[in-house]
Number of protein chains: 2
Amino acid sequence: MTIDNQAPLGVFDSGVGGLTVVRALREMLPNESIIYLGDTARLPYGSKSPDTIRRFAVEDTQFLVDHHVKAVVVACNTATAHALPHLQKTFRMPVIGVVEPGVEATLADTATQRVGIMATAGTIRSCAYQHAIAMQRPDVITEGKATPLLVPFIEEGWIDHPALELVLREYLKPMLDHGIDTLVLGCTHYPLLMPVLKRMLGNKVRLVDSASTCAAHTKRMLEAENLLRTSKARPVLEIHLTDYSEQFEALAHRFLGYEFGKIKKAVL
Amino acid sequence: MTIDNQAPLGVFDSGVGGLTVVRALREMLPNESIIYLGDTARLPYGSKSPDTIRRFAVEDTQFLVDHHVKAVVVACNTATAHALPHLQKTFRMPVIGVVEPGVEATLADTATQRVGIMATAGTIRSCAYQHAIAMQRPDVITEGKATPLLVPFIEEGWIDHPALELVLREYLKPMLDHGIDTLVLGCTHYPLLMPVLKRMLGNKVRLVDSASTCAAHTKRMLEAENLLRTSKARPVLEIHLTDYSEQFEALAHRFLGYEFGKIKKAVL
């Protein structure tokens, strides 16, 4: 099978949080077309079981394959953590997740000794980050913390609310008490928390965000596999959601940071 | 079609919150068998669009009908608000929702003048409570408030956390400023907030919970339709979930308040 390098990249997430990855992809790869699928009818994935997450991830990937993408980016930490190897075996095209790039960026600084990971319950339970870090740097101590209230706060738009700071303080306390030097934001919603986290943590803790590191990783893969789009025609961005509401549209704007065309309703 | 009064009651919700209704049903109707379906694979419904909620509600009801129930209780405010008339037209058996009983209980006190309603975004947007109250008592002023952070806090088990109080304070402020005398807890998760709400509101505001009012309504319907179970054999309680995880099981125990048998995995 040869892959058409003019074809679009496929990106999926359980919802619209994965648009933070699309935003980073468009900055690093402005000539690529992108088809995005957000499984908003069944979100969130983070609280659900591995079997169910895997089943959903296969259906999401199949939708993108049916739309003739050249590669698939799993812009969802939970789906990456539970389904990436399964997707890579099932589909005959490059499938990139968010965990490995995040781990790469975490370990790029060789002084890293103690890493905190904030993510959904599903991602933390999978130990995907903990395992990937241990495989490369067994001396690094990792500490995962399931932080299920953060996505609801972000979706409510309360990213500057005193209640969010109280919640973050409680989630971060054990990690800070143990002296983490790096904090991985292991959920594609969390880049929106960068300002409040920087304010709370100052320069004491390095923040690693899985959205921008995933985009950089995708760029290197496309270059290595000779899959960069060369056409001079304007690239497209299509957003498909399995459930449409005005709230999702407003959130999509917040995550993406700029205007986009009409959202399409996807049926899986 | 005749209905077998020895058959179980069917109850469904988007997740395990509807078990607060089951708990109330078991207290008021201890001789009834109950089959419960929680659509945990696709929860929550509260943030999704009317079309999607209706489609899910039909599939949930069909599952219960396939299990030969004698009546269906929609133990989910969002599904009731968007799908109840549609379900009542589609299925040839009694289908009871949570909104009407909550409205009855709200208006049972004739001194009621100003009613606050806390519920999911979907329930509030549907105006189901506002409409039902206006039809019976057009002089009563209603004020709905979407409170999407409450379910995540309850599912995280932080029902006594200072951050929850901050969130509640913000949600309640406009309603309290306008002098509500009654607050409807328009989501089957919210009965677990009774202690913190009572502490915050004292005796100033009457609290109406849709779980216990729905159970009372169901009892009256079964009596009126001569559908009470008369068998002396021990009634059963079966819990089916579309996604199983230990977290859902732990939550189910918290909502139901006592032990139950093995959870069954449902496929819709």
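Does the stretch A:91-114 contain any residue that is hydroxyl-bearing (Ser, Thr, Tyr), outside the structural domain of A:Gln130 (by TED's automatic domain parsing) and in a helix (DSSP H, G or I)?
no
Kindly provide the set of residues from the stretch A:129-186 that are open to solvent by less than 10 Å² (accessible area, probe 1.4 Å), in a loop (DSSP other than H, G, I, E, B) and within 14 Å of another protein chain (Cβ to nearest Cβ), ordered by number.
Selection gives A:Thr147, A:Leu149.
Within the stretch A:50-61, which residues are free of Cβ contacts under 8 Å to residues at least 60 places away in the same chain and open to solvent by 10 Å² or more (accessible area, probe 1.4 Å)?
Correct list: A:Asp51, A:Arg54, A:Arg55, A:Val58.
Pull up the stretch A:187-204, narrow it to residues that are surrounded by fewer than 17 Cβ atoms within 10 Å (Cβ to Cβ) and under 23 Å from A:Ala24 (Cα atoms), then point me to the one that is nearest to the other protein chains (Cβ to nearest Cβ).
Here the residue is A:Val196.
Is it the case that the stretch B:41-60 has a residue that's more than 22 Å from A:Asp243 (Cβ to Cβ) and either within 14 Å of chain A (Cβ to nearest Cβ) or not charged (D, E, K, R) (or both)?
No: zero hits.
Tell me which residues, restricted to the stretch B:243-260, are touching a strand residue (DSSP E or B) at 6+ places or on another chain (Cβ under 7 Å) and either open to solvent by less than 50 Å² (accessible area, probe 1.4 Å) or modelled with pLDDT under 90 (or both).
Matches in the stretch B:243-260: B:Phe248, B:Ala252, B:Phe260.
Under 7 Å between Cβ atoms, which residue pairs at least 6 apart in sequence (or on different chains) link something in the stretch A:18-30 that is farther than 13 Å from A:Thr188 by Cα with a partner that is open to solvent by 10 Å² or more (accessible area, probe 1.4 Å) and part of a helix (DSSP H, G or I)?
Partner pairs satisfying both residue conditions: A:Met28/A:Ala216; A:Met28/A:Lys219; A:Leu29/A:Lys219.
Identify, please: which residue in the stretch B:25-40 is open to solvent by 10 Å² or more (accessible area, probe 1.4 Å) and part of a helix (DSSP H, G or I) and is, among those, farthest from the other protein chains (Cβ to nearest Cβ)?
Applying the filter and picking the extreme gives B:Met28.
Of the residues B:Pro85, B:Pro44, only one is in the same structural domain as B:His240 (by TED's automatic domain parsing) and free of Cβ contacts under 8 Å to residues at least 24 places away in the same chain; which?
Matching residue, one of B:Pro85, B:Pro44: B:Pro85.
Which one is farthest from the other protein chains (Cβ to nearest Cβ) among residues in the stretch A:224-265 that are more than 20 Å from the chain's Cα centre (by Cα) and small (Gly, Ala, Ser)?
A:Ala224
Do you know which residues across the stretch B:232-257 are over 23 Å from B:Ala57 (Cβ atoms), in a helix (DSSP H, G or I) and in contact with an Asp or Glu (Cβ under 9 Å, 6 or more places away or on another chain)?
Scanning the stretch B:232-257 gives B:Gln247, B:His253.
Can you find a residue that is among the aliphatic types (A, V, I, L, M), assigned by TED's automatic domain parsing to the domain that holds A:Pro195 and in contact (Cβ under 8 Å) with a residue 40 or more places away in the chain anywhere in the stretch A:157-166?
The answer is no; no qualifying residue exists.
Being farther than 14 Å from A:Ser210 by Cβ and not hydroxyl-bearing (Ser, Thr, Tyr), is that true of even one residue in the stretch A:71-80?
Yes: the stretch A:71-80 contains one or more residues that are farther than 14 Å from A:Ser210 by Cβ and not hydroxyl-bearing (Ser, Thr, Tyr).
Restricting to the stretch B:115-128, name every residue that is in a helix (DSSP H, G or I), over 11 Å from B:Gly186 (Cβ atoms) and open to solvent by 30 Å² or more (accessible area, probe 1.4 Å).
The one that is in a helix (DSSP H, G or I), over 11 Å from B:Gly186 (Cβ atoms) and open to solvent by 30 Å² or more (accessible area, probe 1.4 Å): B:Arg125.
From the set of residues in the stretch A:205-226 that are among the aliphatic types (A, V, I, L, M) and open to solvent by 10 Å² or more (accessible area, probe 1.4 Å), which is nearest to A:Gly257 (Cα to Cα)?
So the residue we want is A:Ala216.
Can A:Arg229 be described as out of contact with any strand residue (DSSP E or B) (no Cβ under 6 Å at 6 or more places or on another chain), surrounded by 14 or more Cβ atoms within 10 Å (Cβ to Cβ) and in a loop (DSSP other than H, G, I, E, B)?
Against the criterion (out of contact with any strand residue (DSSP E or B) (no Cβ under 6 Å at 6 or more places or on another chain), surrounded by 14 or more Cβ atoms within 10 Å (Cβ to Cβ) and in a loop (DSSP other than H, G, I, E, B)), A:Arg229 qualifies.
Of all residues in the stretch B:51-83, how many are in contact with a strand residue (DSSP E or B) (Cβ under 7 Å, 6 or more places away or on another chain) and of a type in the set (Val, Ile, Thr)?
Here the count works out to 6.
The values are calculated or read from the model by the stated rules, or taken from the named source; none is laboratory data. Only a predicted model underlies this, so the values are computations on that prediction, with no experimental measurement involved. Because the Cβ atoms are built from the backbone with ideal geometry, glycine has one as well, and the counts that use them run over all protein chains shown. Accessible surface areas use protein heavy atoms only, side chains included; no ligands, DNA or RNA. Shrake-Rupley method; radii C 1.70, N 1.55, O 1.52, S 1.80 Å.
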